[in-house]
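Engineer: Before I ask anything, here is the structure I am working with.
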Amino acid sequence: MTTVAAEADLALARSGDDAAFTRLVAPLRRELHAHCYRMLGSVHDADDALQDALVRAWRALPRFEGRSSLRTWLYTVSTRTCLDLVAQRGRRALPMDLGPSSDHAVLGDPPVTDVAWLGPYPDAHLPAGRSAPEARYEQREAVELAFVAALQHLPGNQRAALLLFEVLGFSAAEIADVMDTSTASVNSALQRARQTVATLTPDAPRHQTADDDARLRDVVARFSSAMERGDADALVALLTEDVTWSMPPLRHWYRGLDAVTDFATRVPLTTCGAWRHRAASANGQPGVLSYLWDDASGTYRAWSLNVFTMRDGRIAEITSFLDHGLAEACGLPASLP
């Protein structure tokens, strides 16, 4: 949209033209949604927050004076909306936030329904590149599971300050305006947030190359084949020594080759031939969507989205989100023949 067209739409939107407002927001919707997800750790919460924020912005638009860009103003409204939700709902968790890992497979592990679980972010939602030249993280890097999980350990003001500065390239003065506080308070929040995130995510983000992408596709294919054939040795060959495997909303999780192998051979690999897989990606990371045979329907039905965290060409973490509804979110069918 040209500057002239945007200014014309802004004038129309201020006078109550809903279509003009929709046109103004459309180029920013993806990045605003990703921002809400980083703040809240849930696609569903991000949907609600963005919808609420846009309603607030629509109602307040006649009072928008243009002292900042429309983009900055929409981020202000979205951030404040998310901060309200953070205060109401608290933080989201992964199984490792609930307790230590299990040494052996826990059979019949029931879903935990009273925990707000961290959810995945299908890559189809993601904007590309950096949102600003000053941003430290690319948009994809800034939704990696480890980073978003670490954000959940921050108070809302620190979470917002870090995201606005490191991911979106806002200045400390701009962030102070967004959060209605002082620049000194923003700098203090940034310092504390960086220390916490650095402790929880010691490995800095690294942009993937084309060669990396080819290797990742190979790992995904080999993982899928090992699961479908029930081949424990082939699966283990893909894993790091300190690999972890967690399955929200299940409480128990596993760390290290012995524990992960015990779980794999006693749970998913016992259903050899009952699995089918399709490559998927979420949180800027490779993975697969698993389909499990269902006798009642005579089809393979979507079962879980497995997101891989890689290190030196091997899988260091498997996070299996047990939610059949994630197939549609990933642009994949709900069942396979």
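The values are calculated or read from the model by the stated rules, or taken from the named source; none is laboratory data. Note that the coordinates shown come from a computational prediction; the quantities given were computed from them, not determined experimentally. Cβ coordinates were reconstructed from backbone atoms using ideal geometry, including for glycine residues, and neighbour counts include every protein chain displayed.
Engineer: State all residues of segment 33-44 that are closer than 15 Å to Pro122 by Cβ and either part of a helix (DSSP H, G or I) or of a type in the set (D, E, K, R) (or both); if no residue qualifies, say none. Steps first, please.
Structural biologist: Our first condition is that a residue be closer than 15 Å to Pro122 by Cβ; within segment 33-44, this holds for 33-34, 36-38, 41-44.
Within segment 33-44, His33, Ala34, Cys36, Tyr37, Arg38, Val43, His44 qualify.
Engineer: Scan segment 320-330 and tell me whether some residue there is over 21 Å from the mean Cα position of the chain (by Cα) and aromatic (Phe, Trp, Tyr).
Structural biologist: Applying the first criterion (over 21 Å from the mean Cα position of the chain (by Cα)) to segment 320-330 yields none.
No, that holds for no residue.
Engineer: Taking segment 1-45, which residues are of a type in the set (A, V, I, L, M, F, W, C) and touching a residue at least 60 places away in the same chain (Cβ under 8 Å)?
Structural biologist: Initial filter on segment 1-45 (of a type in the set (A, V, I, L, M, F, W, C)): 1, 4-6, 8, 10-13, 19-21, 24-26, 28, 32, 34, 36, 39-40, 43.
Across segment 1-45, the qualifying residues are Ala6, Leu10, Ala34, Met39, Val43.
Engineer: Identify, from the list Thr265, Thr244, Thr196, Thr261, the residue that is surrounded by 15 or more Cβ atoms within 10 Å (Cβ to Cβ), outside the structural domain of Gly313 (by TED's automatic domain parsing) and not aliphatic (A, V, I, L, M). Full working, then the answer.
Structural biologist: Working: Thr265 fails: outside the structural domain of Gly313 (by TED's automatic domain parsing); Thr244 fails: outside the structural domain of Gly313 (by TED's automatic domain parsing); Thr261 fails: outside the structural domain of Gly313 (by TED's automatic domain parsing).
Among Thr265, Thr244, Thr196, Thr261, only Thr196 is surrounded by 15 or more Cβ atoms within 10 Å (Cβ to Cβ), outside the structural domain of Gly313 (by TED's automatic domain parsing) and not aliphatic (A, V, I, L, M).
Engineer: Right, another one. Give Gly256, Gly298, Gly313 a once-over and let me know the one that is over 23 Å from Glu241 (Cα atoms) and outside the structural domain of Tyr37 (by TED's automatic domain parsing). It would help to see each step written out before you state the result.
Structural biologist: Values: Gly256 fails: over 23 Å from Glu241 (Cα atoms); Gly313 fails: over 23 Å from Glu241 (Cα atoms).
After applying the criteria, what remains is Gly298.
Engineer: For residues that are out of contact with any strand residue (DSSP E or B) (no Cβ under 7 Å at 6 or more places or on another chain) and of a type in the set (A, V, I, L, M), tally how many sit in segment 254-306.
Structural biologist: The number of residues fulfilling the criteria is 4.
Engineer: State the number of residues belonging to segment 8-33 that are loosely packed, with under 12 Cβ neighbours inside 10 Å and either within 28 Å of Tyr137 (Cα to Cα) or charged (D, E, K, R) (or both). Please lay out each step first, then the result.
Structural biologist: Here is the first cut: in segment 8-33, the residues loosely packed, with under 12 Cβ neighbours inside 10 Å are 11, 15-16, 18-19, 26.
Narrowing the set further to residues that are either within 28 Å of Tyr137 (Cα to Cα) or charged (D, E, K, R) (or both) leaves 18, 26.
The total comes to 2.
Engineer: Filter the helices (runs of 4 or more DSSP H) completely within segment 96-182 down to those with at least 1 residues that are touching a residue at least 60 places away in the same chain (Cβ under 8 Å) and out of contact with any helix residue (DSSP H, G or I) (no Cβ under 6 Å at 6 or more places or on another chain).
Structural biologist: Of the helices (runs of 4 or more DSSP H) lying wholly inside segment 96-182, those with at least 1 residues that are touching a residue at least 60 places away in the same chain (Cβ under 8 Å) and out of contact with any helix residue (DSSP H, G or I) (no Cβ under 6 Å at 6 or more places or on another chain) span 145-151, 172-179.
Engineer: Would you say Val143 is within 15 Å of Phe321 (Cβ to Cβ), of a type in the set (Val, Ile, Thr) and modelled with pLDDT of 95 or more? So that I can check it myself, show each step before the final result.
Structural biologist: Working: within 15 Å of Phe321 (Cβ to Cβ): yes; of a type in the set (Val, Ile, Thr): yes; modelled with pLDDT of 95 or more: no.
Judged against the criteria, Val143 is not a match.
Engineer: Checking Ser68 against (1) part of a helix (DSSP H, G or I); (2) surrounded by 14 or more Cβ atoms within 10 Å (Cβ to Cβ); (3) touching a helix residue (DSSP H, G or I) at 6+ places or on another chain (Cβ under 8 Å); (4) modelled with pLDDT under 95, which test does it fail?
Structural biologist: Going through (1) part of a helix (DSSP H, G or I); (2) surrounded by 14 or more Cβ atoms within 10 Å (Cβ to Cβ); (3) touching a helix residue (DSSP H, G or I) at 6+ places or on another chain (Cβ under 8 Å); (4) modelled with pLDDT under 95 one by one, Ser68 breaks only (1).
Engineer: Quick one: which of Ala46, Ala20, Ala34 is within 24 Å of Glu65 (Cα to Cα) and small (Gly, Ala, Ser)?
Structural biologist: Values: Ala46 fails: within 24 Å of Glu65 (Cα to Cα); Ala34 fails: within 24 Å of Glu65 (Cα to Cα).
Result of the check over Ala46, Ala20, Ala34: Ala20.
Engineer: Give me the pairs, please: first residue somewhere in segment 238-265 and touching a residue at least 40 places away in the same chain (Cβ under 8 Å) and among the acidic types (Asp, Glu), second residue anywhere and crowded, with 18+ Cβ neighbours inside 10 Å and not in a loop (DSSP other than H, G, I, E, B), beta-carbon distance under 8 Å, and either six or more positions apart or on two chains.
Structural biologist: Asp242/Arg255; Asp262/Tyr254
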